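The values are calculated or read from the model by the stated rules, or taken from the named source; none is laboratory data. None of these values were measured; they are calculated from a predicted model. Cβ coordinates were reconstructed from backbone atoms using ideal geometry, including for glycine residues, and neighbour counts include every protein chain displayed. Areas reflect the complete protein model, heavy atoms only, side chains present, ligands, DNA and RNA absent. Shrake-Rupley method; radii C 1.70, N 1.55, O 1.52, S 1.80 Å.
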Amino acid sequence: MNDTIVVTDQLTKRYGGRTAVDRVDLTVRHGEVYGFLGPNGAGKTTTLRMLLGLARPSSGTARILGGRPGSPAVLRRVGALVEGPGFYPYLSGRDNLRVLARYRGVGGTEVEDALDTVDLRHRAADRFKAYSMGRKQRLGGAGALLGRPDLLILDEPTNGLDPAGMADMRRLLRRLAEGGQTVLLSSHLLGDVQQICDRVGVIASGRLVAESTVDDLRETSGVRLRAEPVDLAVRTLARVTSAAVHREPEGLLRIELPADRCAALARALVHAGVDVHEIGPIDQSLEDAFFEMTGTVEVAS
Amino acid sequence: MTASVRAELLRLLRWPTTMVLGGVWLLMNLSFAYVFPYLSYRSAVADGDTRLAAVLLEDVSMAQLPPTLVQGMPMFGGAIVLILAALATGSGYGWTTWKTVYTQGPSRLRAVGGTLVALAMIIAGLVLVTLALDVAAGAAIMALESQAVVWPGATDLARGVGAGLLITAMFGAFGAVLGVLARSPALAVGLGLVWALVAENLLRGVAGLLGPLETVTDLLPGTAAGSLAGALGAVGESAGGGDPGANGGTPGVLSVLDGGTASALLAAYAAVFVVALLLIVRHRDI
């Protein structure tokens, strides 16, 4: 069974002489929460707009749920919240959802269910324009959930939410994925992505610079140790390994070696008469990886 | 398409703008078609000017219902419908609701088609409510003056309603395409009003001096709308411009084209505006 829900091939969008999205190849699999990471202006929203058929690619292709982006057959199976919630300000939250439900061809029960899911039923009779930013975002989430879509495409879904709301949204997205729905979300909130996403794609300056699991992106990037005397430690390390040894502030040394070499290094250093005060793998946070990847691209461009 | 129409009717009928603009049109129509002429009639009676009084009473009689129904539509009614349609399509860009709608599953053409059909239904309803109001006002005046009610012929009445629908449909389609072109309600309304209330009148004025331009101004949307109202018997300003209303006629009502040509032109303009709107919506990024 083909479990690919979204796949793009060299997807590109140019506005005049500016390339907003540059030959992006990404793949989203069934049942996963896929985080689309990137700094502001990196091309996240433009990519999502192309996946939804709101913008046409300049070149390249995309397939969603086996169909063409923007086709009614595909959109009926997709729920989306892109560039913030867009609703009629004079209508209540409930009536706004009723309008969308009529477009989607679903009944009033689904409207109430969606309001319950985002915990907005108690304010559903209020006009949209009277909502706080957080409530507007919740209503946007409710609109995306109408019709129990197979794929949710959410652009910065936690924007405007308070911490409790953000936690609710994270739990909701995980629950949806556990229920078999696939979630593609863009964010620049790395903490959110680290907590809820199975895989991530990192985009910078329009280019997809990495696509992997969160764990792989956070993979250990070497061994760090504090030892004295430092010069003896460096000479010993140079003798037992060909890996590069970097001096860091505060007497730290960093060696570009897999983490499973820690014990062997410690033994060699002690055997050479070096006092090893601390040694261990370097745990790179997603944030570190993100800055490393996006920073590299910015320098290169 | 039915789903889109139902969705659009829900949001348009609950939109205060729809009610406000509809109310403004009905109030203007009642005031200028019945209340002011009737007050003038009472004044003429008080002054003993029986000839003027007879003319004014005839103007508000039921027999004059078809021209009375459409006389305000080439200018004020058309402008109000244009504003409604421009706001209905243009606001969706400011509120970003088009984007939300397009991601719910309907094709773009079905979604915007739903808006057009819903707008057409509302505009048709407005024409029929105007007719009902005019009937009530005319009947009330005839009763007040103890005059017998003489109904217009069914064909004349049907022509009047048809002309009203055609004129408002053209202005509605014009407003809708402006809203989509401008992607902004304010700009669309501004451009539409400048064209409908100012630019066409200025062009017709210039055409009086520049003969060849008259061929063009005779085919303008406002000329067609005004001519159709004029063909039904509404009294308007003289063709070629002049001070609107100086001759006692209704601004916007013209006698440039015959009824058939004016109807065909209005239908053609409405069709062109709708096709242009659909093409733009289909091909442009949101």
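Values for this structure:
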item	result
Boolean, A:A167 is part of a helix (DSSP H, G or I) and at pLDDT below 90	yes
The one condition in (1) under 23 Å from A:R98 (Cα atoms); (2) in a helix (DSSP H, G or I); (3) modelled with pLDDT under 90 that A:A144 fails to fulfil	(3)
Any hit, region A:100-107, residues being more than 25 Å from the chain's Cα centre (by Cα), away from every other protein chain (no Cβ under 12 Å) and of a type in the set (F, W, Y)	no
Count of residues meeting criterion [exposed (fewer than 14 other Cβ atoms within 10 Å of the Cβ) and without any contact (Cβ under 8 Å) to a residue 12 or more places away in the chain] in region A:160-177	4
Residue in region A:224-239 that is within 30 Å of the chain's Cα centre (by Cα) and open to solvent by less than 50 Å² (accessible area, probe 1.4 Å) present	no
Positions within region A:86-134 being closer than 23 Å to A:T158 by Cα, free of Cβ contacts under 8 Å to residues at least 24 places away in the same chain and hydrophobic (A, V, I, L, M, F, W, C), in sequence order	A:A130
Matching residues, region B:87-97, being at the interface with another protein chain (Cβ under 8 Å from one of its Cβ atoms) and open to solvent by 10 Å² or more (accessible area, probe 1.4 Å)	B:W95, B:T96
Residue check, B:A79 aliphatic (A, V, I, L, M), part of a helix (DSSP H, G or I) and within 14 Å of another protein chain (Cβ to nearest Cβ)	no
Region A:83-98, residues that are under 14 Å from B:R14 (Cα atoms) and within 7 Å of chain B (Cβ to nearest Cβ)	A:F87, A:Y88, A:P89, A:Y90, A:L91, A:D95, A:R98
Residue check, A:A142 open to solvent by 40 Å² or more (accessible area, probe 1.4 Å), aliphatic (A, V, I, L, M), touching a helix residue (DSSP H, G or I) at 6+ places or on another chain (Cβ under 7 Å) and not assigned by TED's automatic domain parsing to the domain that holds A:S187	no
Qualifying positions in region A:62-119 - more than 21 Å from A:T27 (Cβ to Cβ) and basic (K, R)	A:R76, A:R94, A:R98, A:R102, A:R104
Candidate set from region A:122-136 (those that are part of a helix (DSSP H, G or I) and under 19 Å from B:R11 (Cβ atoms)); member that is least open to solvent (accessible area, probe 1.4 Å)	A:F128
Which numbered condition A:Y34 misses (of (1) of a type in the set (F, W, Y); (2) within 21 Å of A:D155 (Cβ to Cβ); (3) facing chain B (nearest Cβ under 9 Å))	(3)
Residues satisfying the stated conditions in region A:260-292, i.e. open to solvent by less than 30 Å² (accessible area, probe 1.4 Å) and assigned to a helix (DSSP H, G or I)	A:C262, A:L265, A:A266, A:A268, A:L269, A:L286, A:A289, A:F290
Matching residues, region A:244-259, being surrounded by 17 or more Cβ atoms within 10 Å (Cβ to Cβ) and over 14 Å from A:E278 (Cβ atoms)	A:V245, A:L257
Unique match (being buried (at least 23 other Cβ atoms within 10 Å of the Cβ) and either touching a strand residue (DSSP E or B) at 6+ places or on another chain (Cβ under 7 Å) or under 27 Å from B:A3 (Cα atoms) (or both)) among B:V129, B:V81	B:V81
Single residue of region B:1-51 satisfying the filter (basic (K, R) and in a helix (DSSP H, G or I)) that is farthest from the other protein chains (Cβ to nearest Cβ)	B:R51
